[in-house]
Amino acid sequence: MRIMIKMLLIAVFVSIGTSAYAHPASDLALTFDGTTRMLTVTIKHQVSSPEKHFIDTANVSVNGREAIKHLVSRQDDNAGQMLAYLLPDVNAGDTIAVNVHCNKGGDLRREIKK
């Protein structure tokens, strides 16, 4: 019984220590160029190792419908990530939303209206 309690306590402390390093992106900026139809996504996500701790998913939706699901394998650098997408079907008045997810945990969502 004591061994199980010790094992449980160790598991709890390890999970707390791991989650302390997890955090969502601190900022997310969206820019859409109506002429080129390009969406630029600038993600601020400060990490010590962009190969191990990074934004791993970016989901782009237009008017609530998923347009792009991008799986990312690493971050550009320690400060963040820049992504660009061609969205040829966006019209005036449409809402573009982007949700990014950190591989260690945490999401951030922003939207713009065109």
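None of the figures in this text is laboratory data; all of them are computed from the coordinates on show. Being a predicted model, the structure only gives us computed values, none of them experimental. Heads up, the Cβs are rebuilt from the backbone with ideal geometry, glycines too, and the neighbour counts pull from every protein chain shown.
Brief remarks on what is shown
- Set of the stretch 88-102 residues, backbone N closer than 11 Å to the point 7 Å along the Cα-Cβ line of ASN59: 98-101
- Label-to-label distance, nm, for residues given as LEU86 and GLU51 (7 Å Cα→Cβ offset): 3.3 nm
- Label zone (LYS44, point 7 Å along Cα-to-C-beta; backbone nitrogen cut-off 14 Å) within the stretch 60-79: 79.
- Environment charge at ASP89 (Cβ cut-off 11 Å; Lys +1, Arg +1, Asp -1, Glu -1): +1
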